[in-house]
Amino acid sequence: MEPLAGGRLLDKHGRIATDLRVSLTDRCSLRCSYCMPPEGLDWLPSASLLTDDEVIRLITIAVRDLGVQQVRFTGGEPLLRKGLARILAATTALRTATGVAPDTALTTNGVGLATSAMALKQAGLHRINVSLDTLDATRYARLTGRDRLGDVIKGLAAAAAAGLSPIKMNTVLLPGVNDDEMLSLVSWALKRGYQPRFIEQMPLGPQDTWQRTTMVTAEDILDVLRSEFTLIPMQSKARGSAPAEIWMVTGAEVPEDFVATVGIIASITKPFCEACNRTRLTADGQLRSCLFSRDETDVRTLLRSGASDLAIAELWRGAMAAKQTTHGVDEGSFVQPDRTMSAIGG
């Protein structure tokens, strides 16, 4: 089928969204303290969740008609979605305007990765990000509410064996909790051929669990890393729409022919809003133009009313056209979204 007329997801500030983040579930197998309370959340009712066919149809519209080139699957924990492999295979069968398959990626906590990595690769997954905030089993259990560190480590190894590359290891540093592990996490990851990424904590967890004045910042992280390693900037200019600033690392033990890098995603202290190229779809069929937005556009109702692909594409374009200039976290008027990260999608 030919692409529909109208084209790209252009906002009023001239940014074009080419990166789609698809949340497949709000459920998670962990209870990370910065993401949700120990007792969990009120999960979305099953009837409100998009079906596999609905997810595939919306991704198809995004890639075929709206210029999306990259699709990242998130959650909650996307490995809990039984239809993941089917959705992934359908996505990789699509072709962008340039005639290539969309670049596919997945963000996971890694708990179920050991048994699913090969199937994900066979379904066409290109890249994977695995969350790992500590190498201490006792600390991991306390931070996540689950004793699953061993499973995550096995999952990382399975991803490498399956050929999912690059493997990025995401870490959120919390003051007084795991910020003393920066150097050990980098050394451990690089030794195994993984690319460590540190992410500034964001105000997307339980209310009143985030404070701007006490968070571990990108500069804090760089100061510590430079005490042990030599860091060489990889970018010759602004990072553009890429969320991470990347440094080449020397002074670490690494596998042969592996280029050692470390990345820092400074969404709070160095936001990349002016070049943001993301559009978001939640597990219950809501379109979001920004991770921190308090507004959503309901595409599920339109989808289930028998609307045409053209009508859905027009709604999507309208939702993105109204995207705000910045996420506004540092503004006095900022109000944390009602949804937590697990319900929005990372």
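The values are calculated or read from the model by the stated rules, or taken from the named source; none is laboratory data. What you see is a predicted model, and the numbers here were worked out from it, not measured in a lab. For neighbour counting, all protein chains shown are included, and Cβ atoms are generated from backbone atoms with ideal geometry for every residue, glycine included.
Would you check which residues across the stretch 145-170 are under 18 Å from Ser29 (Cβ atoms) and of a type outside the set (A, V, I, L, M, F, W, C) and list them?
Passing the criteria: Gly145, Arg146, Asp147, Arg148, Gly150, Asp151, Lys154, Gly155, Asn170.
Only residues in the stretch 42-62 that are under 13 Å from Ile87 (Cβ atoms) count as the first member; pair them with residues that are hydroxyl-bearing (Ser, Thr, Tyr) and part of a loop (DSSP other than H, G, I, E, B), Cβ under 8 angstrom, at least 6 apart or cross-chain, and list the lot.
Correct list of pairs: Leu49/Thr25.
Taking the residues in the stretch 250-289 that are over 30 Å from Arg226 (Cα atoms) and surrounded by fewer than 21 Cβ atoms within 10 Å (Cβ to Cβ) as candidates, determine which candidate is modelled with the lowest pLDDT.
So the first thing to find is which residues in the stretch 250-289 are over 30 Å from Arg226 (Cα atoms), and the list is 277-289.
Within this subset, residues satisfying the condition of being surrounded by fewer than 21 Cβ atoms within 10 Å (Cβ to Cβ) are 277, 284.
Numbers: Asn277: 93, Asp284: 96.
Step by step, filter the stretch 250-289, then rank; the result is Asn277.
One line per residue, one yes/no per condition, for (1) under 20 Å from the mean Cα position of the chain (by Cα); (2) over 26 Å from Glu314 (Cα atoms):
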position: Asp11; (1), (2): no, no
position: Arg72; (1), (2): yes, no
position: Pro78; (1), (2): yes, yes
position: Leu88; (1), (2): yes, no
position: Thr91; (1), (2): yes, no
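For Ala162, are the conditions met, namely being over 28 Å from Met215 (Cα atoms) and more than 18 Å from the chain's Cα centre (by Cα)?
The answer is yes for Ala162.
For the stretch 59-74, give me the residue count where each residue is under 17 Å from Ala105 (Cα atoms) and either at pLDDT below 95 or not small (Gly, Ala, Ser) (or both).
Number satisfying all stated conditions: 10.
How many of the residues in the stretch 163-186 are over 12 Å from Thr134 (Cβ atoms), part of a loop (DSSP other than H, G, I, E, B) and out of contact with any Leu (no Cβ under 7 Å at 6 or more places or on another chain)? Give the steps one after another, and end with the answer.
As a first pass, look at the stretch 163-186 and keep what is over 12 Å from Thr134 (Cβ atoms): 163-168, 170, 175-176, 183, 186.
Narrowing the set further to residues that are part of a loop (DSSP other than H, G, I, E, B) leaves 163-166, 175-176.
This time we only want the ones that are out of contact with any Leu (no Cβ under 7 Å at 6 or more places or on another chain), so: 163, 165-166, 175-176.
Of the residues in the stretch 163-186, 5 are over 12 Å from Thr134 (Cβ atoms), part of a loop (DSSP other than H, G, I, E, B) and out of contact with any Leu (no Cβ under 7 Å at 6 or more places or on another chain).
State which residue is nearest to Lys154 (Cα to Cα) when the search covers only the stretch 168-219 and only residues that are modelled with pLDDT of 95 or more and among the acidic types (Asp, Glu).
Top of the filtered list is Glu181.
Would you pick out the residues in the stretch 134-149 that are charged (D, E, K, R) and touching an Asp or Glu at 6+ places or on another chain (Cβ under 8 Å)?
Pass one, the stretch 134-149, residues charged (D, E, K, R): 136, 139, 142, 146-148.
Hit for the stretch 134-149 is Asp136, nothing else.
List, please: which pairs have Cβ atoms under 6 Å, are six or more places apart or on different chains, and start with a residue in the stretch 241-264 that is within 26 Å of Arg15 (Cβ to Cβ) and end with one that is of a type in the set (Phe, Trp, Tyr) and in a strand (DSSP E or B)?
Ile264/Phe198
Kindly list the number of the only condition in (1) modelled with pLDDT under 95; (2) touching a helix residue (DSSP H, G or I) at 6+ places or on another chain (Cβ under 7 Å) that fails for Pro102.
(1)
So the check is Cβ under 7 Å with 6+ separation or different chains; which pairs have a first residue in the stretch 297-322 that's within 19 Å of Thr18 (Cα to Cα) and a second one that's at pLDDT 95 or above and of a type in the set (Phe, Trp, Tyr)?
Close Cβ pairs (under 7 Å, with a partner that is at pLDDT 95 or above and of a type in the set (Phe, Trp, Tyr)) amount to Val299/Trp316.
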